[in-house]
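Chemist: The structure under discussion is supplied below as structure tokens; questions concerning it will follow.
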Amino acid sequence: MLFSEPAYITHVQRFAQIPAPYHVVSMAKDYFPEEPFGCRCGCGLNRLDPKLRQILNEGRSILGAPIIIVSGSRCERYNAAIKGAKHSAHLIGPDDYTHAVDIQVYSDITRADLHRIFTILGIRRFEVSDLHIHVDNAAWLPTPLLKAVTFKIVPGD
Ligand SMILES: [Zn+2]
Ligand SMILES: [Zn+2]
């Protein structure tokens with residue numbers, strides 16, 4: 001809805017409709033109009049760092065392929081329920097924003113190339129599981145994180 005208005009609406013007008021805190025980010029295009037970054041428990045927490053949102057948009061633009069947001073902001077309760085890391089970057093950080101997303105990328109790009117792109121764009125921590133790729137820009141967490149976890153070796157694969 002946010003980005004399906006008639007073309008005569010200027011970029012500035014359109015930008016003014018974006019809910020805070022996204023005002024502070026200037027984006028040529030927003031690929032994530034459905035606001036999928038909120039806590040999945042339904043508590044209403046939706047505090048993704050605007051810079052991270054910008055990185056995702058730039059990454060999406062470079063990839064030319066869909067990025068599915070599996071998990072964004074998390075409240076403490078939900079993070080505990082899904083056994084997230086105790087100091088997860090999905091939680092509200094010292095700057096009052098959350099700094100992590102778990103994504104799925106529908107592209108044949110290699111994980112190495114994906115890592116290169118996101119690192120150039122400012123992602124400090126990158127974690128690969130068999131379900132998703134975690135990217136975060138939490139400046140206060142140990143870095144760099146580059147982990148491949150929980151890969152299942154499939155016989156014959
Ligand atoms: Zn929640
Ligand atoms: Zn994550």
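What follows is calculated from the coordinates using simple rules that are stated; it is not laboratory data. What you see is a predicted model, and the numbers here were worked out from it, not measured in a lab. Glycine gets a Cβ as well: all are built from the backbone with ideal geometry, and neighbour counts include every protein chain shown.
Chemist: What ranking do ASP95, ASP30 get, fewest neighbouring Cβ atoms within 10 angstrom at the top?
Modeler: Details: ASP95 12, ASP30 18.
Lowest to highest Cβ neighbour count: ASP95, ASP30.
Chemist: Determine, from the Cβ-Cβ distance of ASP113 and ALA85 and an R0 of 22 Å, the FRET efficiency 1/(1 + (r/R0)^6), rounded to the nearest 0.05.
Modeler: On the way: r = 26 Å, r/R0 = 1.18.
Rounded to the nearest 0.05, the efficiency is 0.25.
Chemist: Label points 7 Å out from Cα along the Cβ direction at VAL70 and LYS51: separation in nm?
Modeler: According to this spin-label approximation, the distance is 2.5 nm.
Chemist: Can you give the relative contact order of region 19-148 as a percent, counting alpha carbon pairs under 8 Å and 6+ residues apart? List each step's numbers first, then the result.
Modeler: Values: 212 pairs, mean separation 28.2, N = 130.
Worked out over region 19-148, it gives 22 percent.
Chemist: Working from the pairwise distances between different alpha carbons, so that the mean of 1/r is found and then inverted, what is region 19-148's Kirkwood radius in Å?
Modeler: Working: mean 1/r = 0.0678 Å⁻¹.
Every distinct Cα pair counted, the radius reaches 14.7 Å.
Chemist: Taking the Cβ-Cβ separation of ASP130 and ARG40 as r and a Förster radius of 22 Å, what is the calculated FRET efficiency to the nearest 0.05? Mind showing how you got there, number by number?
Modeler: Details: r = 19 Å, r/R0 = 0.88.
So the FRET efficiency works out to roughly 0.70.
Chemist: Within 10 Å of each residue's Cβ, count the other Cβ atoms and sort SER129, SER73, SER88 from fewest upward.
Modeler: Numbers: SER129 14, SER73 25, SER88 21.
Starting with the residue having the fewest Cβ neighbours, the order is SER129, SER88, SER73.
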